[in-house]
Amino acid sequence: MTQETYKLAVENLTVAFGHGRRSKTVLRGVSTGVRAGQTLGLVGESGSGKSTIAKAIVGIHPARSGRIRLDGQDVAGLRGRDLAAVRRRVQLISQDPYASLNPRMTIGQALAEAVDPVRADAKKHEATVTRCLEMVSLDGTAAGRYPHEFSGGQRQRVAIARALAVEPDVVIADEITSALDASVQAEVLNLLEELRRSLSLTMLFISHDLAVVRHVSDEVAVLCHGEIVEQGPARDVYRAPDHPYTRLLLASVPSAAPALGETPRVA
Ligand code: ADP
Ligand code: MG
């Protein structure tokens, strides 16, 4: 499969922090991609570099080398207005919406700012704000409230609404349910999946939780110490992992291992 068939592709991406002898290479020539309308699950242990990939894609971490393509166009080197346009098309939702929501801004203002950074006026953008809140099943009164007035699950709904407010093509969900209770996790995941389908979004779904990734992904990529060691259709990776590291990961998560009846029988 050539890279051109990907909606979002990362080619030979290297990211390092620091300089000289203190320099630490976190991603070593990472290549991966996700097809239009599909979900790529990215798994790997804590510290393997998952969030660094997400941040490099949206331009928060500069790439030392490599390419990031959106619809085939290299976006890694873009500046100014072009970069801003690309940033709108690819939205990152992170684990901790508290960190990304300004505590002194109402939810309405936060949504207005997402669609119109210059005139972040909740009144002016009232229709959009209401539509975004409806999309994530929060009622209109949420617009006048502040982040701390919401539960963790509701805040993550707000984060999803804000990401989708700008009508992106691609959503990167980085551990978005990791801080939530199991029942709330399922609610948020189901909501995201519904929206992804109805809006035909392309998604990069990052999680250390292999069971969750299996549930939502078409393909899965496995990251180990800053390198992709395996990528393939989710079914194949989970049923018959190629790489020893993937097998190790799966073995450590009983719920992600092949379900009974799926295991190929050895005569
Ligand atoms: P993951 O999301 O898979 O847990 P991260 O991408 O957050 O992993 O981190 C990968 C490695 O990069 C870790 O060793 C982390 O300490 C390091 N790292 C991440 N961000 C920075 C940074 N801004 N400066 C220095 N090191 C960083
Ligand atoms: Mg992370």
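The values are calculated or read from the model by the stated rules, or taken from the named source; none is laboratory data. Quick caveat, the model's predicted, so the values are computed rather than measured. Glycine also receives a Cβ, built like all others from the backbone with ideal geometry; neighbour counts cover every protein chain displayed. What goes into the accessible areas is simple: the full protein's heavy atoms, side chains included, and nothing from ligands, DNA or RNA. Shrake-Rupley method; radii C 1.70, N 1.55, O 1.52, S 1.80 Å.
Observations on the structure shown:
- Hey, residue 100 within 30 Å of residue 151 (Cβ to Cβ), at pLDDT 90 or above and within 16 Å of ligand 1 (Cβ to nearest atom) or not: no
- Within the stretch 41-54, restricting attention to residues that are near ligand 1 (Cβ under 9 Å from one of its atoms) and of a type in the set (Gly, Ala, Ser), the residue that is surrounded by the fewest Cβ atoms within 10 Å (Cβ to Cβ) is 46.
Yes/no matrix, rows are residues, columns are (1) under 29 Å from residue 181 (Cβ atoms); (2) modelled with pLDDT of 95 or more; (3) not basic (Lys, Arg):
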site: 135; (1), (2), (3): yes, yes, yes
site: 139; (1), (2), (3): yes, no, yes
site: 145; (1), (2), (3): yes, yes, no
site: 148; (1), (2), (3): yes, no, yes
site: 153; (1), (2), (3): yes, no, yes
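- Test result for residue 178, surrounded by fewer than 18 Cβ atoms within 10 Å (Cβ to Cβ), part of a loop (DSSP other than H, G, I, E, B) and at pLDDT 95 or above: no
- The stretch 203-226 - residue that is within 16 Å of ligand 2 (Cβ to nearest atom) and open to solvent by 30 Å² or more (accessible area, probe 1.4 Å) and, of those, farthest from residue 181 (Cα to Cα): 225
- Looking at 91, 95, 73, just one residue is at negative phi and surrounded by fewer than 19 Cβ atoms within 10 Å (Cβ to Cβ), and that residue is 73.
- Residue within the stretch 49-59 that is in contact (Cβ under 8 Å) with a residue 24 or more places away in the chain and away from ligand 2 (no atom under 16 Å from the Cβ) present: yes
- Output for the stretch 29-40, where each listed residue is part of a strand (DSSP E or B) and either within 10 Å of ligand 2 (Cβ to nearest atom) or open to solvent by 20 Å² or more (accessible area, probe 1.4 Å) (or both): 29, 31, 35
- Test: residue 26 is over 16 Å from the mean Cα position of the chain (by Cα), under 27 Å from residue 216 (Cβ atoms), within 14 Å of ligand 1 (Cβ to nearest atom) and not in a helix (DSSP H, G or I): yes
- Residue selected from the stretch 122-166 under the condition touching a Leu at 6+ places or on another chain (Cβ under 8 Å) and assigned to a loop (DSSP other than H, G, I, E, B), by the criterion surrounded by the fewest Cβ atoms within 10 Å (Cβ to Cβ): 139
- Any hit, the stretch 1-12, residues being within 11 Å of ligand 1 (Cβ to nearest atom), touching a residue at least 12 places away in the same chain (Cβ under 8 Å) and on the phi < 0 side of the Ramachandran plot: no
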